[in-house]
Amino acid sequence: MSGRQTPVGTTALFPDPEERARVDALLSRHLRDAHGRVVAGPVTPTIDIGRFKAELAEFDFQQPRALDDALAWVVGTLESGVVHITNPRYLGLFNPAPTFPAQCADRIAAVFNPQLATSTTSPVPVEMEAHAIRAVARRAGFPETATGHFTTGGAEANYTALICALTRACPGFAMEGARAFSGAPTFYVSNEAHLAWLKIAHQSGIGRSAVRLVATDGTGRISVNALSAAIEADRAVGNVPIMVVATAGTTNAGMIDPLAECGEVARAAGLWYHADAAWGGAVVASDRLRGLMANVEAADSMTIDAHKWFATTMGCGMFITRDAAILSSAFQVSTTYMPSNLRDLDPYVTSVQWSRRFLGLRLFLSLAVAGWSGYGEHIERSVDMASCLKDKLLSRGWNVVNNSPLAVLCLSPPPGSPNERSIVSRVLGSGRAWVSTATFEGQPVIRACITHGQTTPDDLDEVVDALQNARGNGA
Ligand SMILES: Cc1ncc(COP(=O)(O)O)c(C=O)c1O
């Protein structure tokens with residue numbers, strides 16, 4: 001216990017400036033020290049969960065604790081109680097080690113705590129977010145008039161796309177929901193797409209059966225023929241196709257659906273065209289790699305997560321659309337208690353959320369200090385590290401079954417190895433690295449993705465060694 005007198009009651013909630021400064025400094029020290037240990041230590045949790053639960057039970061919220069002690073306890077238990085995505089040997093699902101400016105942004109947002117529901121309450125934050133969104137939209141090739149907003153993540157951005165597509169397809173949708181359509185609304189994603197689409201269809205009221213999981217072409221990209229055929233088949237039985245989704249960077253394998261062809265199919269069929277570039281979209285930052293997103297600008301809307309390859313803190317996604325008016329049609333609402341109701345401007349009438357945190361500052365500040373060139377370097381470095389890992393594993397008899405231009409490998413171990421699941425479980429058990437299992441084109445694989453901006457070739461050597469040991473063959 002600290003020797004200080006514990007502030008109690010409301011003083012504990014709202015301490016004086018000196019106390020805040022003291023605790024700020026203490027917390028910064030705890031965090032810096034913990035981060036140093038996390039980077040060098042095991043990637044996987046080491047906590048004794050039984051002991052932790054016993055300690056947790058002692059928080060009965062009757063007896064106040066000193067903040068110093070509570071903070072030390074929280075930081076300590078997190079240090080041993082999570083998978084460390086900030087460890088450079090985390091090669092996992094696209095959760096990044098966050099940029100430092102994004103962490104600063106969180107701190108600023110926490111202190112001012114601005115309410116971004118309206119431009120009246122937060123004129124500066126609303127403009128800063130809009131500025132960052134416009135910059136990303138233009139960098140992706142969208143027209144000057146394109147707009148959008150920050151979301152909690154890719155799932156919310158994709159949900160927004162579906163609501164826009166439904167709203168444009170049928171004026172009655174706003175009032176009547178799915179009942180307004182002459183037949184069941186359907187939309188099209190590949191069977192390698194992110195399956196939040198099922199939840200999204202469920203939430204929107206059109207039901208999970210509205211999602212058509214279109215076959216891929218054997219390389220993890222949507223089959224355009226199968227896409228056209230699925231749309232025709234639905235129309236033939238009276239269903240109402242409303243949207244085509246191209247995934248630009250599939251979750252498992254980083255494959256990019258043929259963006260131009262998907263756009264042509266959507267346009268020919270009169271459907272909303274959405275590009276889900278939740279993690280791949282950040283390649284627009286790189287002059288070397290931005291061509292991978294060619295034709296994405298033809299989409300009606302696009303998802304890019306700032307909290308994936310742009311490496312902001314979670315959750316921070318982006319929804320971008322060329323059709324600014326649709327957002328107002330989809331999300332307009334009129335109230336007397338809100339300070340303003342500015343069409344096309346107030347976030348609560350142009351997006352899913354109402355009360356809104358200042359999420360966009362994380363990307364704004366990161367872009368401000370790194371610029372597109374800094375981000376481009378970050379993206380290119382990840383791709384180069386993936387290629388370095390690929391070489392190391394190929395030379396040891398592993399196979400890479402996906403041919404992604406992004407920073408992810410779907411791996412098949414050399415013949416005679418234990419199965420993928422047991423290799424991954426042994427790697428995680430060792431704590432030396434974090435990789436995952438996945439399925440690519442029906443084949444079980446080990447997935448390794450470069451998500452950390454400071455993973456080095458030495459880290460990759462350790463990952464390779466952990467993989468080799470896990471298959472019973474030391475490097
Ligand atoms: C392609 C794709 N779309 C959507 C999502 C969902 O994004 P989020 O987890 O930010 O909601 C993901 C997440 O991995 C993704 O990879």
Hits in segment 314-341 (condition: assigned to a loop (DSSP other than H, G, I, E, B) and either touching a Phe, Trp or Tyr at 6+ places or on another chain (Cβ under 8 Å) or within 12 Å of the ligand (Cβ to nearest atom) (or both)): M314, G315, C316, R322, V333, M338
Being among the aliphatic types (A, V, I, L, M) and in a loop (DSSP other than H, G, I, E, B) is the filter here, so list the residues in segment 98-135 that pass it. L116, A117
Residue count, segment 258-274, condition outside any strand (DSSP E or B), crowded, with 24+ Cβ neighbours inside 10 Å and within 16 Å of the ligand (Cβ to nearest atom), comes to 1
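For segment 231-255, enumerate the residues that are small (G, A, S) and crowded, with 21+ Cβ neighbours inside 10 Å.
Our first condition is that a residue be small (G, A, S); within segment 231-255, this holds for 233, 236, 238, 246, 248-249, 253-254.
Result: A246, A248, G249, A253, G254.
Which residues, counting only those in segment 373-397, are touching a Ser or Thr at 6+ places or on another chain (Cβ under 7 Å) and among the β-branched types (V, I, T)?
Once the filter is applied, which keeps residues that are touching a Ser or Thr at 6+ places or on another chain (Cβ under 7 Å) and among the β-branched types (V, I, T), segment 373-397 yields only I379.
If a residue must be within 16 Å of the ligand (Cβ to nearest atom) and more than 11 Å from Y188 (Cα to Cα), how many such residues does segment 228-257 contain? I'd like the intermediate steps shown before the answer.
Going residue by residue through segment 228-257, those that are within 16 Å of the ligand (Cβ to nearest atom) are 243-257.
The next check asks that each one be more than 11 Å from Y188 (Cα to Cα); those that pass are 248-257.
Qualifying residue count, segment 228-257: 10.
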Quickly run through segment 73-116 and pick out the residues that are without any contact (Cβ under 8 Å) to a residue 40 or more places away in the chain and β-branched (V, I, T). V74, T77, V82, V111
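Given the criteria over 28 Å from A132 (Cα atoms) and not in a helix (DSSP H, G or I), does N95 qualify? Outline the logic, then answer.
Working: over 28 Å from A132 (Cα atoms): no; not in a helix (DSSP H, G or I): yes.
Here the answer is no, as N95 does not meet what is asked.
State which residue is nearest to A277 (Cα to Cα) when the search covers only segment 189-208 and only residues that are touching a Gly at 6+ places or on another chain (Cβ under 9 Å) and either of a type in the set (F, W, Y) or within 15 Å of the ligand (Cβ to nearest atom) (or both). If you could, list the steps in order and put the result at the bottom.
Taking segment 189-208 as the starting set, the residues that turn out to be touching a Gly at 6+ places or on another chain (Cβ under 9 Å) are 190, 192, 194, 196, 201, 204-206.
Filter once more, so that each one left must be either of a type in the set (F, W, Y) or within 15 Å of the ligand (Cβ to nearest atom) (or both): 190, 192, 194, 196, 201.
Numbers: S190: 13, E192: 13, H194: 11, A196: 14, A201: 19 Å.
Result: H194.
Please count how many residues of segment 31-81 are among the small types (G, A, S), farther than 24 Å from D16 by Cβ and outside any loop (DSSP other than H, G, I, E, B). Step through it out loud before you land on a result.
So the first thing to find is which residues in segment 31-81 are among the small types (G, A, S), and the list is 34, 36, 40-41, 50, 54, 57, 66, 70, 72, 76, 80-81.
When the remaining residues are screened for being farther than 24 Å from D16 by Cβ, the result is 34, 36, 40-41, 50, 54, 57, 76, 80-81.
Subsequent filtering for residues that are outside any loop (DSSP other than H, G, I, E, B) retains 34, 36, 40, 50, 54, 57, 76, 80-81.
Total satisfying the criteria: 9.
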Output the number of residues of segment 231-251 satisfying the condition of being in contact with a Leu (Cβ under 9 Å, 6 or more places away or on another chain), over 15 Å from R168 (Cβ atoms) and without any contact (Cβ under 8 Å) to a residue 60 or more places away in the chain. 3
Among the residues that make up segment 195-217, is at least one of them of a type outside the set (K, R), touching a residue at least 60 places away in the same chain (Cβ under 8 Å) and in a loop (DSSP other than H, G, I, E, B)? no
Any idea how many residues of segment 144-188 are within 16 Å of the ligand (Cβ to nearest atom), assigned to a strand (DSSP E or B) and in contact with a Ser or Thr (Cβ under 7 Å, 6 or more places away or on another chain)? 3
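Quick check on my filter: what residues within segment 266-286 are of a type outside the set (A, V, I, L, M), over 19 Å from H194 (Cα atoms) and out of contact with any helix residue (DSSP H, G or I) (no Cβ under 6 Å at 6 or more places or on another chain)? Walk me through how you get there before you give the answer.
Initial filter on segment 266-286 (of a type outside the set (A, V, I, L, M)): 267, 270, 272-274, 276, 279-281, 286.
This time we only want the ones that are over 19 Å from H194 (Cα atoms), so: 267, 270, 286.
Across segment 266-286, the qualifying residues are R267, G270.
We did not get these values from a lab; they are worked out from the coordinates using the rules stated. What you see is a predicted model, and the numbers here were worked out from it, not measured in a lab. So basically every Cβ, Gly included, is an ideal-geometry build from the backbone, and we count neighbours across all protein chains shown.
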